[in-house]
Amino acid sequence: MTRELGIELPIIGGAMYPCSNPELVAAVSEHGGIGVVQPLSLTYVHRHDLREGLRYIRRLTSKPIGMNALLESSSRVYRERMERWVDIALEEGVRFFVTSLGKPRWVVERAEQAGARVYHDVTERKWADKAIDSGVHGLIAVNSRAGGHAGPKTPEQLYDELASLGLPLVCAGGIGTPDDLIRALRIGYDGAQLGTRFIASTECTASDAYKDAILRARDSDIVLSERITGVPLAVIRTPYIERVGTRAGPIARRLLRGRRTKHWMRSFYAVRSAIQLRKASIDPKSSKDFWQAGRSVEGIDRVMPVAEIMAEFRAALRTEEGRGG
Ligand SMILES: Cc1cc2nc3c(=O)[nH]c(=O)nc-3n(C[C@H](O)[C@H](O)[C@H](O)COP(=O)(O)O)c2cc1C
C-alpha cells in the first residue's frame with residue numbers, strides 16, 4: 001500500500017464531511033500519511049473552488065493527496081458534478097481516490113488512464129465483490145467502531161471475510177492510538193484509515209466544543225443515529241442526541257423504504273444533514289451538541305498537532321518492525 005501510493009506510513013487521513021479542512025488534509029500528507037480531500041467539505045464548508053482548493057493544498061505540501069468520491073445518488077446533477085470533480089482532481093495531479101457507495105467502475109476507468117489508484121470503502125464481503133468487479137485496486141474495510149457510516153462487523157470479522165480477495169486491505173474504524181494501529185496490522189491489515197483522531201488535532205478547524213467532546217467521550221458514548229442522514233451515523237451521545245433520539249420517525253422510515261420515495265427522501269436528508277453538520281461541527285457559536293465520532297475516542301485524550309500524532313505512529317511502527325512485525 002505505501003509503495004503503491006508513494007507514501008511513508010500506512011495511514012490514510014480519511015475524508016470527513018464537514019471536518020476535512022484543506023490544512024488538515026495537507027498536514028496528514030506532509031507528515032508521511034495520505035490526506036483525503038472531501039470535495040463537498042472543501043467547496044461548501046471551507047469555501048474553496050475545487051481546483052483552487054486543490055492548488056492551495058499543493059502549496060502546503062508536495063506529497064501525494066487523495067480525494068473521496070461518494071457515488072450513490074440518484075440525482076443526475078450530483079453524478080455530473082462528481083464526474084467533473086474527479087476530472088479536475090486528475091488534472092490537478094490527484095492519484096488516489098477513495099470511493100464510497102455505488103459502483104466505482106467509472107472512477108476506476110478514468111483513474112487508470114492517469115495511473116491513479118482507487119480504493120473502495122466496504123462494510124461486507126458482498127460490497128467488496130461488487131467493487132472488485134468494478135476493478136478497484138484496494139479495499140477499505142469499514143468496521144463497527146468507525147466514525148461516519150459504520151459497518152456491522154468487527155475488524156477481525158471483516159479481515160477474515162476480505163483477506164482472501166488479494167487486494168491491499170485497510171482497516172477503518174477504532175484507531176486512535178499507536179497501539180490500535182499495531183493491533184490492526186497484527187490482524188493482517190496493510191494499513192489504516194483514521195478519521196476521529198485527526199479531528200482532535202491542531203490543524204482541524206472543527207469547533208473547540210467538538211474537540212473537547214471527543215477528548216471526554218468513552219467508546220460506550222458512541223451511538224448510531226439514523227435521524228441525521230437516514231442511515232446509521234456514529235455520533236457522540238450528548239443531551240441533544242438523547243433529546244431527539246436516534247431513530248428516524250415512522251413517516252421518514254416508511255418513505256426511506258418506499259421504492260419511489262426513497263431516492264427523494266435520501267436527497268432531502270443529504271441536503272438537510274449537510275447544512276446541520278456544517279453548523280454544528282464548525283460554527284463556534286453553535287448551540288447544538290451534535291457531533292460525529294467513532295469509537296476510537298476511547299484512546300484520544302489530547303488535541304495534538306498532526307506532526308506529533310504521526311510521529312507517535314511512526315515510532316510505534318519502527319518498534320514493531322524491530323520486533324520483526
Ligand atoms: C466526522 C466524520 C465525517 C466523515 N465523513 C466521511 C465522508 O464524507 N466520506 C467518507 O467516505 N467517509 C467519511 N467518514 C469516515 C472516515 O473517512 C473514516 O473511515 C472513519 O472516520 C474511520 O473511523 P475512526 O473515526 O474511528 O477513525 C467520516 C468520519 C467522521 C468521523
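I'd like the antiparallel share, as a percent to the nearest 5, of DSSP beta bridges with both residues in the chain.
Of all bridge pairs located within the chain, approximately 20 percent are antiparallel.
Report, in whole Å, the centroid distance computed from the Cα atoms of segment 188-239 and segment 273-325.
8
Using the per-residue mean of other Cβ atoms lying within 10 Å as a proxy for protection, in what order, highest first, do the peptides 109-115, 122-128 fall? Write out the running numbers ahead of the final one.
On the way: 109-115: 13.9, 122-128: 18.4.
With the highest mean Cβ count within 10 Å placed first, the list reads 122-128, 109-115.
Note down the net charge around Gly245, summing +1 for each Lys or Arg and -1 for each Asp or Glu among other residues with Cβ under 14 Å from its Cβ. Please report the intermediate quantities before stating the final value.
Working: positive: Arg227, Arg237, Arg243, Arg247, Arg253; negative: Glu226, Glu242.
Residues close to Gly245 contribute a combined charge of +3.
Hey, what number do you get for the chain at 222 nm if only DSSP H runs of n ≥ 4 count, each worth -39500 (n - 2.57), divided across all residues, to the nearest 500?
-13000 deg cm²/dmol
Considering only protein heavy atoms and a probe of 1.4 Å, how much of the accessible area of segment 1-139 is carbon and sulfur, as a whole percent?
Numbers: 2720 of 5850 Å².
Roughly 46 percent, rounded to a whole number.
Can you give the charge dipole size of the chain about its Cα centre, rounded to the nearest 20 debye, using +1 on the beta carbon of Lys and Arg and -1 on the beta carbon of Asp and Glu?
Using only the charged Cβ atoms, the result is roughly 1440 debye.
Could you tell me which of Tyr44, Ala15, Val25 has its Cα farthest along the dipole of segment 6-58 towards the positive end, charges placed at Cβ (Lys, Arg +1; Asp, Glu -1), taken about the Cα centre?
Tyr44
Given 0.36 nm per residue, what is the gain on full extension from Leu215 to Leu165 after removing their alpha carbon distance, in nm?
Full extension of this stretch gives 14.3 nm more.
Would you calculate the separation in nanometres between label points at Arg59 and Ala315, each defined as 7 Å from the Cα along the Cα-to-beta-carbon direction?
For Arg59 paired with Ala315, the spin-label model returns 3.4 nm.
Excluding residues on the same chain fewer than 8 positions from Lys279, give the lysines whose Cα lies under 17 Å from its Cα.
Cα-Cα hits under 17 Å: Lys211, Lys288.
Could you tally the net charge around Phe96, taking each other residue with its Cβ under 12 Å from the Cβ of Phe96, Lys/Arg +1 and Asp/Glu -1?
+2
Would you kindly calculate the mean projected area, averaged across all directions, of the convex hull enclosing the Cα atoms of segment 1-130, in square nanometres?
Averaged projected area of segment 1-130's Cα convex hull equals 7.6 nm².
With a 10 Å radius around each residue's Cβ, average the other Cβ atoms per peptide and rank 145-155, 244-254, 280-290, highest first.
Averaged packing, sorted descending, gives the order 145-155, 280-290, 244-254.
Between Lys279 and Arg259, what is 0.36 nm times their sequence separation minus the Cα-Cα distance? Round to one decimal in nm. Walk me through the numbers before you get to the answer.
On the way: separation 20, 0.36 × 20 = 7.20 nm, distance 3.14 nm.
Value of the extension gain: 4.1 nm.
What does the accessible area per residue of the chain come to in Å², with a 1.4 Å probe and no ligands, DNA or RNA counted? Don't skip to the answer; put the middle values down first.
Details: 14940 Å² over 325 residues.
On a per-residue basis, the chain sits at 46 Å².
The values are calculated or read from the model by the stated rules, or taken from the named source; none is laboratory data. From a predicted model like this one, the values you see are computed outputs, not experimental measurements. Heads up, the Cβs are rebuilt from the backbone with ideal geometry, glycines too, and the neighbour counts pull from every protein chain shown. When the accessible area is computed, the model is the full protein with side chains, heavy atoms only, and any ligands, DNA or RNA have been set aside. Shrake-Rupley method; radii C 1.70, N 1.55, O 1.52, S 1.80 Å.
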